[in-house]
1. For the stretch 9-33, which positions are farther than 13 Å from Asp46 by Cβ and under 21 Å from the mean Cα position of the chain (by Cα)?
2. Any idea how many residues of the stretch 127-176 are within 12 Å of the ligand (Cβ to nearest atom) and free of Cβ contacts under 8 Å to residues at least 60 places away in the same chain?
3. Output the number of residues of the stretch 94-126 satisfying the condition of being of a type in the set (A, V, I, L, M, F, W, C), more than 13 Å from the ligand (Cβ to nearest atom) and assigned to a loop (DSSP other than H, G, I, E, B).
4. Considering only the stretch 206-216, state which residues are polar (S, T, N, Q) and surrounded by 12 or more Cβ atoms within 10 Å (Cβ to Cβ).
5. Give the residues of the stretch 177-208 that are of a type in the set (Val, Ile, Thr) and in contact (Cβ under 8 Å) with a residue 24 or more places away in the chain, sorted by residue number.
6. When you check Glu51 against the structure, is it more than 8 Å from the ligand (Cβ to nearest atom), within 26 Å of Thr93 (Cα to Cα) and more than 23 Å from the chain's Cα centre (by Cα), yes or no?
7. If the Cβ limit is 6 Å and pairs must be 6+ apart or interchain, which residue in the stretch 4-16 that is surrounded by fewer than 24 Cβ atoms within 10 Å (Cβ to Cβ) pairs with which residue that is β-branched (Val, Ile, Thr)?
8. Pull up the stretch 247-279, narrow it to residues that are among the basic types (Lys, Arg) and over 20 Å from Ser181 (Cβ atoms), then point me to the one that is surrounded by the fewest Cβ atoms within 10 Å (Cβ to Cβ).
Amino acid sequence: MKIAIIGLGLIGGSLAKALKKAEFYVIGVARREETLDAALKAEAIDEGSLELEAVKPADMIFICTPINLILSELKEMIPYLKKGAIVSDVGSTKQAIVSQAEKIIPKGVFFVGGHPMAGKEKVKFEAAEVDLFKDKVWFLTKTRKTKVGALKVLEEVVETTGAKNLTLDPQTHDLVVAAISHLPLAVSAALVNTVAGQSKKELMSQSAASGFRDTTRIASGDPELGVDLFSTNKKAVLKVLDAYKKSLTQIEKLIKTGKLAKIRAILEKAKNFRDSIYG
Ligand code: NAP
């Protein structure tokens, strides 16, 4: 099977490395010559091109560009897609991409949305890792228009990266990631900016230890990606942000009124739920 990857950044580069390790033939399509050279040098791809036409022989194509380019890349590659080809993407939000992609994908070619729950603060090919997806969830979307056979083939390919498939509809996906990924980014950025706005911020920075570092890790992520997340998942993000503000206000009220037993109960509830996730 020949697999093409469009965009060889953190996610696309890691996918290329993982698929090469699984012995697929990998075609890389990059924007910049330097990225292509780096991917060829690292043997993450078998062949590379700066042109989308390179997807012609591919049985499967993963679009791994920033979210706001995924649909335009899909549109542009349509004339080159071979019959039976399966196209997926790795965009972190799914409703807009999947609904539009399903409208424009020609007959005889299949689109199934995807999103690996893997990432780190560094981006671009230099940060790509062969094991980035190992034991991580890889969402695949299923709608009324999804071709079950295509979904199955995609699942099998995704599993070779070490990821665990989780199939769900785009709307549920966007709500889930709003809560566990996009809200934490908003909270993390707001927390860092709160400290940055304090007159004693120098002293606070010098004293910050692992608690502050762990709570704010994702504030060091790519700001461009953050903008894409908030703008393409606005409704779900606002919904969970509202719930979060209520939760924070509740803690604020309890601190003001000194209701210690209630504060303890809230902290215990949070501890139990978090421990049930991470042990
Ligand atoms: P990245 O490291 O910045 O990679 C983006 C890639 O797209 C780069 O290879 C870049 O090319 C290429 N690109 C950028 N602008 C382009 C343009 N105008 N035309 C053509 N190619 C262009 O970003 P990433 O973190 O891998 O994110 C890629 C996708 O993965 C996004 O859709 C994101 O939502 C999704 N995702 C990200 C994470 C995460 O935590 N980072 C997690 C899951 C999913 P050059 O390298 O040549 O500049």
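Any read-out appearing in this document is the output of simple, stated calculations on the displayed coordinates, not a laboratory observation. None of the values given here were measured: they were computed from a predicted structure. Quick reminder, even Gly has a Cβ in these numbers, built from the backbone with ideal geometry, and neighbours come from all protein chains shown.
1. Those that are farther than 13 Å from Asp46 by Cβ and under 21 Å from the mean Cα position of the chain (by Cα): Gly9, Leu10, Ile11, Gly12, Gly13, Ser14, Leu15, Ala18, Ala30, Arg31.
2. Of the residues in the stretch 127-176, 5 are within 12 Å of the ligand (Cβ to nearest atom) and free of Cβ contacts under 8 Å to residues at least 60 places away in the same chain.
3. Within the stretch 94-126, residues that are of a type in the set (A, V, I, L, M, F, W, C), more than 13 Å from the ligand (Cβ to nearest atom) and assigned to a loop (DSSP other than H, G, I, E, B) number 2.
4. Thr215, Thr216
5. Passing the criteria: Val177, Val187, Val192.
6. Yes, satisfied.
7. So the pair list comes out as Gly9/Val123.
8. So the residue we want is Lys256.
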